[in-house]
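Can you read through this structure? Questions will come right after.
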Amino acid sequence: MFRIIGNILKGKMKTAFGKTLNGDERFILTSLYSKTDRVATLITASNVHPKLIDPNYDFVKLTSSVEANLELFQILQKRFPEFDAAMPASWLGLAGCGLEELGTSMRITPMIEPTPYKFALDKMKRKQLSLPEKTGYLEKQITLLGEVQDRFAMNAPPIILGAFDLAMLLRGEKLISDFRIFRDYENAQTEALKKKIEKKGNPHFFPKLLEFTTKASIRIGQLYKEHGVNMLGIVITDQYANPPLMSPADFLTYIYPYVETVWKTFKKYRPTVGYMPPSPAVAEEITEYSALSGIACFNNYMFPQDEMGLTPAEYDVQMVELSQKLKTPYQFLIHGKFLRDCTEKELEKQIIRVCELVMNENIPLSIGLAAVPLGTDISKVDIFGKLINKYGVYK
C-alpha cells in the first residue's frame, strides 16, 4: 500500500515538472485517470505463449513448478524491459483457479494452455461439491502470487473466478441450458407453462449452483488472504457471462447480484470486476452498477473482431469519448491474432490511430497485448514498444 502511495506522489510531482515517469508510476497514474507523460503499456505473462519467450519452458513444466513460473516471469521482464507493467499472471492458466480441487479434471499438455476435459458435475451431484482448500494447483497459484509479491515488491493482486465463470468451469456449456430453463421459469406467467418448463429440466438447479459457486469464489479469495497475499486490487472475473452465451440484459438481471456479493466481500481491498462489455453502449450502461464501474470493465477485449483480429475503429472513438466523460481510463488491447498476422506498417497504423484519439485531450490510455499465440514473430512485441514511445508521448 505505502509503495503504491509513494508511486502516486512521485509520479504526480514528475508529471508537474515535465520529467519522465518510470513504469510503475505511469501505469498506476493511468489507472487512476491522472495525467501522465505517455500512453501506458501492459504485457501479461500468461498472455504470451511461454515457448515464444523461452523454448525451455512448456505447460507441463510450468504447472509442475512454482519456481519455473518465477523464472519465466523474470525472463519476460528482462526480455521486454520497456513495458510499464509486466504483470505476473502465471502459466498455470485455468488450472490455478481451483477447478481441479472442486472436481473438474484438467488436461495438461506441453504446448496447449491447461483446459478442462471432464467437468466436476459430469462426475458428481451438485450437493456433493464442497468448498476448496489450499491444495493442488490452487496451492501453487497462491504460493506463486505470494512469492511474486515478496520477491519483486509488486502490487500483483489475486485473480479469482466470479460465480458464473466458476460455475461454467464446473458444469461446462450445459450451464447455459440450466440458465435458460431457470430464466424461462422465472418469467412464466402460468402454472401450466411452469410445468411444461419443468419437463425440460430442474429450474432450481441454476440458482442453487450459483449460490454454491459464490461461496466457493469467496472462499478462494479468503485463502489468498489467509496465506499472506496482499489483496489490494483483487480481480473478480465473470467474462463468460457475455454474448453469444448471454445477453448483457440477462447478465445484469440474473448474474450481477452474485457478482455484487463477491465484490462486497472484498470491497475494502478495492476489487475490480472483469466483466468485458461487448460494445461501448454496454460499457456506459454498466457504470450504473457499483461493482462494474472500474477500469477492468472498460476495454475492447470482447468487442467483435474482423478477420484480421481488429475491433471496430468507431468503437474506439466512442470509448475515448466515454473515458473523458466518465473519468475512467480506456484499456485498448491488441489481439494476438492481429499481432501474429499483421505487417509492421499495419501495426504502426493501429498505434497511430489509437494514440491520436487521446493526445489532444491528454486522456489517459493504456495499450496492452492479448493472447499472443505461437507463430508470432516475437520481435513484433519490441516494435510495439518502440511505436508507443514514438507516437504515444503526450505533448
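The values are calculated or read from the model by the stated rules, or taken from the named source; none is laboratory data. On a predicted model such as this, the values are computed, not experimentally measured, just so you know. In this analysis, Cβ positions are derived from the backbone assuming ideal geometry, glycine residues included, and neighbour counts consider all displayed protein chains.
Of the residues in segment 351-387, how many are within 13 Å of ARG38 (Cβ to Cβ) and part of a loop (DSSP other than H, G, I, E, B)?
Result for segment 351-387: 3.
On the basis of being among the polar types (S, T, N, Q), crowded, with 18+ Cβ neighbours inside 10 Å, within 22 Å of the chain's Cα centre (by Cα) and at negative phi, does THR143 make the cut?
Taking the combined requirement at face value, the residue does not satisfy it.
Within the set of pairs 6 or more residues apart or between chains, which connect a residue that is farther than 11 Å from ASP84 by Cα inside segment 22-34 to a residue that is of a type in the set (D, E, K, R) with Cβ atoms less than 9 Å apart?
LEU29/LYS12; LEU29/LYS35; TYR33/LYS327; SER34/LYS12
Follow-up. Could you tell me how many of the residues in segment 217-230 are modelled with pLDDT under 95 and over 17 Å from LYS140 (Cα atoms)?
0
From ALA192, ALA163, ALA216, ALA188, which residue is surrounded by 20 or more Cβ atoms within 10 Å (Cβ to Cβ) and either over 25 Å from ALA296 (Cα atoms) or within 17 Å of the chain's Cα centre (by Cα) (or both)?
None of the other options fit; the residue is ALA163.
ILE176: farther than 30 Å from GLN141 by Cβ, assigned to a helix (DSSP H, G or I) and at pLDDT 95 or above, yes or no?
No, not satisfied.
Based on what the data block shows, is MET154 part of a loop (DSSP other than H, G, I, E, B), out of contact with any Ser or Thr (no Cβ under 9 Å at 6 or more places or on another chain), among the hydrophobic types (A, V, I, L, M, F, W, C) and at pLDDT 90 or above?
Here the answer is no, as MET154 does not meet what is asked.
I would also like to ask the following. Residue check, LEU52 against (1) farther than 17 Å from PRO329 by Cα; (2) touching a residue at least 40 places away in the same chain (Cβ under 8 Å); (3) surrounded by 20 or more Cβ atoms within 10 Å (Cβ to Cβ), all met but one. Which one?
All conditions are met except number (3).
Do we find that LEU92 is in contact with a Gly (Cβ under 8 Å, 6 or more places away or on another chain), over 21 Å from HIS335 (Cβ atoms) and buried (at least 22 other Cβ atoms within 10 Å of the Cβ) in this structure?
When the stated conditions are applied, LEU92 does not pass them.
Looking only at segment 296-319, count how many residues are buried (at least 19 other Cβ atoms within 10 Å of the Cβ), touching a residue at least 60 places away in the same chain (Cβ under 8 Å) and either of a type in the set (A, V, I, L, M) or not in a loop (DSSP other than H, G, I, E, B) (or both).
Adding up the residues that qualify gives 1.
A follow-up question, please. Might you let me know whether segment 377-386 holds any residue that is within 21 Å of VAL48 (Cα to Cα), surrounded by 21 or more Cβ atoms within 10 Å (Cβ to Cβ) and small (Gly, Ala, Ser)?
The answer is no, given that none of the residues of segment 377-386 is within 21 Å of VAL48 (Cα to Cα), surrounded by 21 or more Cβ atoms within 10 Å (Cβ to Cβ) and small (Gly, Ala, Ser).
Are any of the residues in segment 224-236 in contact (Cβ under 8 Å) with a residue 40 or more places away in the chain, crowded, with 19+ Cβ neighbours inside 10 Å and assigned to a helix (DSSP H, G or I)?
Within segment 224-236, one or more residues are in contact (Cβ under 8 Å) with a residue 40 or more places away in the chain, crowded, with 19+ Cβ neighbours inside 10 Å and assigned to a helix (DSSP H, G or I).
Quick check on my filter: what residues within segment 322-350 are in a helix (DSSP H, G or I), over 23 Å from THR15 (Cα atoms) and within 24 Å of the chain's Cα centre (by Cα)?
Result: LEU322, GLY336, LYS337, PHE338, LEU339, ARG340, ASP341, LEU347, GLN350.
Could you check, for segment 237-252, whether at least one of its residues is surrounded by fewer than 18 Cβ atoms within 10 Å (Cβ to Cβ) and aromatic (Phe, Trp, Tyr)?
Within segment 237-252, not a single residue is surrounded by fewer than 18 Cβ atoms within 10 Å (Cβ to Cβ) and aromatic (Phe, Trp, Tyr).
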